[in-house]
Amino acid sequence: MRKIISICLLVFVFFGVIYADGDNPSLWAKEDVEFGISHNLIHKDLRKSYREKISRQDFCKLAVHNYLREKNYNNLDEFIAAEIPIEFKSYRYRFEDLNYNSKDSKYVIVANILGFVKGTSETTFSPKHNLTREQAATILISIYEKIIAKEIDFTKESYQKYFDNDKISSWAKDSVYMARKIELMRGIGNNMFNPSADYSTEQAIVSLMGIVEVYEKEEKKELTRYKNEVIRLCNLERQKRGISLLKESKKLNSYADLRAQEIVETFDHKRPNGEPFYSGISDYRMLGENIAAGQRTPKQVVDAWMNSDHHKENILNPDFEEISIGLKKMNNLDSYSYYWVQEFYTPLK
């Protein structure tokens, strides 16, 4: 019986994710872990030992991989070449305890260049040391500020102190309380923080997925503002010429966003499968489409369309009654940043 157990892999299956026996995350972390795996936000090397302590080096790997995916990069080398080639090439061997021939050390270097993490001294990083809770809070706030690009409304006088506040290092205190304010990281109960305790892999994943959630909410708000502004600017051009205003087409909103994703792959009025752009639309009397890429604001893209006879004709066509805007944001530098779609629609009467 012992021999059979030694060669069989027992697994638990939750929502399509397979865990080795005894290696599944805690119930409170499972949803975030599975979200991270399904969206490739968790490095494959860290999809195990969820309840175990996480090292400083592995946290860098987890955080940088997450950041790369949010920026739409496929791998670390692609990111380095596109965004930090000079900084990485000129990076001096600052930390004497890093193995600079190791791929894992690349993640530490990138995390340091991006400002996510500092060393444990001027010359050491302590890559194999376990990450403490106060170190985790400091890194998480650095990552949050880098990704969200938004200041946290925080003053030292505004927070209620943990009972063990005197044990929190002075360099970590602001980050600890900021992390609590934005619900990235809380205490351990009874208003205690336990700053020197080790952080686990699943705790790190849950905290990073919290940043992803905030980022996606902020991005959704931005895209909604941009879409509404494109419609407003187009209607302003029609109003100047005495043309009836376009209504937002609720029916086509999802399709317009799908088309924005498609033109990232194939910048054409034909869909990636070769079908015409209108192949997914029904019950129409008239249809039209404008596409664009690279413009960073609604005004820039509407100006570009208005300076093109064909696109301008669609915007000012009095026979169109409704409009939907599709918008896909690409966060890496080696892209057009924004891909824009206008779907013009007149329904069957």
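Here is how the numbers come out for the structure above:
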item: Accessible-area composition of the chain, carbon plus sulfur, in percent [1.4 Å probe]; result: 49
item: Read-out volume of the Cα convex hull per residue in Å³, derived from the coordinates shown; its label in [x] 212; [y] 115; [z] 134; result: [x]
item: Span from the segment 19-66 Cα centroid across to the segment 157-210 one, whole angstrom; result: 20
item: Dipole magnitude (debye, nearest 20) for the chain, charges at Cβ of Lys, Arg, Asp, Glu; result: 320
item: Top of Y91, Y215, Y177 by mean-square fluctuation, Gaussian network on the chain, Cα under 10 Å; result: Y91
item: Helix-only mean residue ellipticity at 222 nm for the chain, each DSSP H run of n ≥ 4 adding -39500 (n - 2.57), per residue, nearest 500; result: -13500 deg cm²/dmol
item: Coarse-grained scattering of segment 44-100 at q = 0.13, 0.18, 0.21, 0.30 Å⁻¹, given as base-10 log I(q)/I(0) from a Debye sum over alpha-carbon atoms; result: -0.44, -0.79, -0.99, -1.21
item: Accessible solvent surface per residue of the chain, calculated while the other protein chains remain in place, 1.4 angstrom probe, Å²; result: 54
item: C-alpha long axis of helix 133-148 to longest principal axis of the chain, angle in °; result: 10
item: Candidates A136, A204, A172, ranked by Gaussian network fluctuation over the chain, Cα under 10 Å, top entry; result: A172
item: Value of relative contact order over segment 212-301, rounded to a whole percent, pairs C-alpha under 8 Å and six or more apart; result: 27
item: Rg/Rg_ref, segment 52-181, where Rg_ref = 2.2 N^0.38 Å and atoms are Cα; result: 1.12
item: Max mean-square fluctuation residue, GNM over the chain, Cα-Cα springs under 10 Å, options G36, G119, G242; result: G242
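The values are calculated or read from the model by the stated rules, or taken from the named source; none is laboratory data. Predicted model, so just to flag it, every value in this text is computed and none were measured. Cβ atoms come from the backbone with ideal geometry, glycine included; neighbour counts cover every protein chain shown. In case anyone asks, the SASA skips ligands and DNA or RNA and just uses the protein heavy atoms, side chains included. Shrake-Rupley method; radii C 1.70, N 1.55, O 1.52, S 1.80 Å.
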